[in-house]
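Undergrad: Dropping a structure here in structure tokens format, bear with me for questions.
The values are calculated or read from the model by the stated rules, or taken from the named source; none is laboratory data. This one's a predicted model, so the numbers in the text were calculated from it and none came from an experiment. Glycine also receives a Cβ, built like all others from the backbone with ideal geometry; neighbour counts cover every protein chain displayed.
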Amino acid sequence: MSYDIREMPPQVSAGLLEKAARAETATIGHRRHLGFVDKAIQGVLSTGAFPVQRIAGTAVTLALPGQDSTLLHHVIQFLRPGDVLVIDRLGDHKHACLGGGVAAAIKATGCAGVVIDGPCTDLPEIEDLALPVWCRGVAPITTRLYDIGGSFNVPVCCGGAVVTPGDLLIADFSGVLVMPPAEAESDIDWALGKQEGELEGHKRLLAGEKLGERTGASAMVAAKLGA
């Protein structure tokens, strides 16, 4: 296996990122079906003493073979503020490619966060660095510098979702979502509008309004029963 290293993608516009950072993945999930990463990939800093983590950024992708982290060590230098590094572990869920040292190097670049289709390690050090990480939990066995190969900034698969370099990525307490920037804004605008109206809706439900009447579900059931 050899190395395939490609150019950095254009970054998502600051205006779209600002809106995306306020949109919840679960709200967008009421409208959108594609781009959601496997729910097993969750934020490691989303509980305990840390505030709920939410990031939005430009996807920068890495395909990294199982036991090897050589290419990861090399490409960290190219990460930019606002990028999110998405690591496809090519099916390996045993070896942790991100620990304290790698996390420190990534944090120094200003990178917004990391999404790994595999585990991390050295969780206390990641917590100390406050580096937002979404992954498949923690593992005690790590990668090595075996010089096997890998690919940087090519389309990858992360948790069953296709991620293309330059995609808009949103990650929060519910999970991870990736979208092409050209089609993301309408879904984000819709989600922000829905979020603004939810507080008033919750107040009405707490005051006794019936959910089925509010959503129209009760009318649907009544129509079926009547038929």
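Undergrad: Give the residue that is surrounded by the most Cβ atoms within 10 Å (Cβ to Cβ), with candidates limited to residues of segment 61-75 that are touching a Cys at 6+ places or on another chain (Cβ under 8 Å) and among the aliphatic types (A, V, I, L, M).
TA: Leu64
Undergrad: Turning to a different aspect of this structure: Exactly one condition in (1) farther than 17 Å from Asp83 by Cα; (2) in the same structural domain as Ala59 (by TED's automatic domain parsing); (3) assigned to a helix (DSSP H, G or I) is false for Ile106; which is it?
TA: Going through (1) farther than 17 Å from Asp83 by Cα; (2) in the same structural domain as Ala59 (by TED's automatic domain parsing); (3) assigned to a helix (DSSP H, G or I) one by one, Ile106 breaks only (1).
Undergrad: While we're here: On the given criteria, is Leu85 assigned to a loop (DSSP other than H, G, I, E, B) and either at pLDDT below 95 or within 21 Å of Leu169 (Cα to Cα) (or both)?
TA: Working: assigned to a loop (DSSP other than H, G, I, E, B): no; either at pLDDT below 95 or within 21 Å of Leu169 (Cα to Cα) (or both): yes.
So Leu85 does not fit the description; no.
Undergrad: Could you tell me which numbered condition Arg54 fails, if it satisfies all but one of (1) within 18 Å of the chain's Cα centre (by Cα); (2) free of Cβ contacts under 8 Å to residues at least 12 places away in the same chain?
TA: (2)
Undergrad: Take the residues in segment 59-82 that are in contact with a Leu (Cβ under 9 Å, 6 or more places away or on another chain) and assigned to a loop (DSSP other than H, G, I, E, B), then tell me which one is modelled with the lowest pLDDT. Working first, answer last.
TA: Of the residues in segment 59-82, the ones in contact with a Leu (Cβ under 9 Å, 6 or more places away or on another chain) are 59-66, 68-73, 75-76, 79, 82.
If we keep only those that are assigned to a loop (DSSP other than H, G, I, E, B) as well, we get 64-66, 69, 79, 82.
On the way: Leu64: 98, Pro65: 95, Gly66: 87, Ser69: 97, Leu79: 98, Gly82: 97.
Going through the qualifying residues, I end up with Gly66.
Undergrad: To continue, here is another question. Identify all residues within segment 184-227 that are of a type in the set (S, T, N, Q) and farther than 18 Å from Arg31 by Cβ; write none if there are none.
TA: Listed by number, the list holds a single entry, Ser218.
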